[in-house]
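K.L.:
Supplied in structure tokens, the structure appears directly below.
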Amino acid sequence: MKSTHLKAYKFRIYPEGEQINFLARQFGCVRFVYNYALELRQKTYEETGKSLSYYDTAKMLPVLKSRQETGWLGEVIAQPLQMAMQNVDDSYRRFFKGQNRYPRFRCRSDRQCFKLPQGFRVEGDHLWLPKLKTGIRIKISRQIKGKILYLHLSRTTTGNYYVSFTCEVPREILAGTGKDTSVDVGIKDAAILSDGTRYENIKPLKTLEKKLKHRQRQLSKKQKGSKSRKRQRHIVARLHERIKNLREDHLHKITTDIVKNHDTVAVEDLTVKNMLKNHCLAKSLSDASLGKLLTQLEYKCDWYGRKFVKVDRFFPSSKTCHVCGEKKEDLTLADRAWACSCCHTMHDRDVNAARNILREGLKILSGCGAQSDTKQKQAEASPPGESVKPEAKAKQKEKPDA
Ligand SMILES: [Zn+2]
């Protein structure tokens, strides 16, 4: 296990006047260089059948700067331009590995961003960038820990600016708590633990969501191409952004709390797409927040030295009585509580499901010696059609913060 991990700290920044122009130029140049490198690689491949490397394209930067028609590239910070070319290279690599789509050209209306590895500093509530004579106001909401590797500066489509510092942070192995838990995602609550603890969805979110619905209805009535439609669309986009931020903050609080207070965290491996096909659930669950809850739990377990286990989504966790194992086949989504026909225990739907997931998760972990061995044990432990799988080691990727 590595002794450090990457963690990103994201803050909002408030550029003004000339700073906005400066950033716009920087975004524009980064976009230009990115598209230039992409086009050059495409053309070279079409004409010669050869692939260009990052170094081949990077050699072009000084040439472009010396040309009169692209001389303005010399007026902005240089490193983000190299980073943009590296980005093209990374995109190609991922494409050839089958990890993503073919890289596409960037356009002005997208979210804009650039990456900067050095030359910046934060002093008090100001962020200083190279080549910019004034400091940009930044709202630092919590202490940055570890060594800063680079920053990412972005402008959303709604015109808000954010900066994210990616840091190398020492791994903090927490002391054992003697408690294990499983997390289920409910319809009404954000998360339910197997001991009955419920994390509610936050109220401001509900108010905002109501507002969003109202605004969206208004938007649909506006005439296409009209000015007021454009204005309305901007309002809707801003509401979306606020809801997204609030939800993320709340999720981080929940997942940190869960991971800090338990040694093992078991979750149901839900495929978000499958879930959203069910309209009743889709209404109250956002696909994004569900997926995020699970990923956050996984990487935070890795950060803090906790065990994380996923239980196969075909495991009938809601329908099975956690006391005697009897299955209630006719359980519907509307049934919030039910009584077991065999042992007569009264069940809360979500808590019962969470308890089953925990038991299944612990079963998987206890069989975890060698992988092949585990499979055999699982086959014995679970009835046909209820296969369970051990989760591969948490991915060592950059993750947004705690
Ligand atoms: Zn029972």
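The values are calculated or read from the model by the stated rules, or taken from the named source; none is laboratory data. Just so it is clear, the structure is predicted and the values come from calculations on it, not from any experiment. For neighbour counting, all protein chains shown are included, and Cβ atoms are generated from backbone atoms with ideal geometry for every residue, glycine included. Side chains included, ligands, DNA and RNA excluded: accessible areas come from the protein's heavy atoms. Shrake-Rupley method; radii C 1.70, N 1.55, O 1.52, S 1.80 Å.
K.L.:
Within the stretch 154-168, which residues are open to solvent by less than 40 Å² (accessible area, probe 1.4 Å) and part of a strand (DSSP E or B)?
P.N.:
Ser154, Tyr161, Tyr162, Val163, Ser164, Phe165, Thr166, Cys167
K.L.:
May I pose another question? Of the numbered conditions (1) open to solvent by less than 40 Å² (accessible area, probe 1.4 Å); (2) within 16 Å of the ligand (Cβ to nearest atom); (3) modelled with pLDDT of 90 or more, Lys300 fails exactly one; give the number of that condition.
P.N.:
Of (1) open to solvent by less than 40 Å² (accessible area, probe 1.4 Å); (2) within 16 Å of the ligand (Cβ to nearest atom); (3) modelled with pLDDT of 90 or more, only one is false for Lys300: (2).
K.L.:
Could you please tell me which pairs satisfy a Cβ distance under 7 Å, a separation of 6+ or placement on different chains, a first residue in the stretch 339-368 that is more than 16 Å from the ligand (Cβ to nearest atom), and a second residue that is at pLDDT 90 or above and charged (D, E, K, R)?
P.N.:
These pairs meet every condition: Leu358/Asp180; Leu362/Asp180; Leu365/Lys307.
K.L.:
Output yes when any residue across the stretch 169-191 is among the basic types (Lys, Arg), in a loop (DSSP other than H, G, I, E, B) and open to solvent by less than 60 Å² (accessible area, probe 1.4 Å), and no when none is. Step through it out loud before you land on a result.
P.N.:
Narrowing the stretch 169-191 to residues among the basic types (Lys, Arg): 171, 179, 188.
Next, only the ones that are in a loop (DSSP other than H, G, I, E, B) stay: 171, 179, 188.
Those left that are additionally open to solvent by less than 60 Å² (accessible area, probe 1.4 Å): 171.
Yes, that holds for at least one residue.
K.L.:
Just the residues that are away from the ligand (no atom under 14 Å from the Cβ) and aromatic (Phe, Trp, Tyr), please, taken from the stretch 308-338.
P.N.:
Residues satisfying the conditions are Phe308, Phe314, Phe315.
K.L.:
Considering only the stretch 122-165, state which residues are without any contact (Cβ under 8 Å) to a residue 12 or more places away in the chain and of a type outside the set (Gly, Ala, Ser).
P.N.:
Answer for the stretch 122-165, where residues must be without any contact (Cβ under 8 Å) to a residue 12 or more places away in the chain and of a type outside the set (Gly, Ala, Ser): Trp128, Lys133, Gln143.
K.L.:
Next question. Just to be sure, is Lys227 surrounded by 12 or more Cβ atoms within 10 Å (Cβ to Cβ) and more than 21 Å from the chain's Cα centre (by Cα)?
P.N.:
So Lys227 fails the test.
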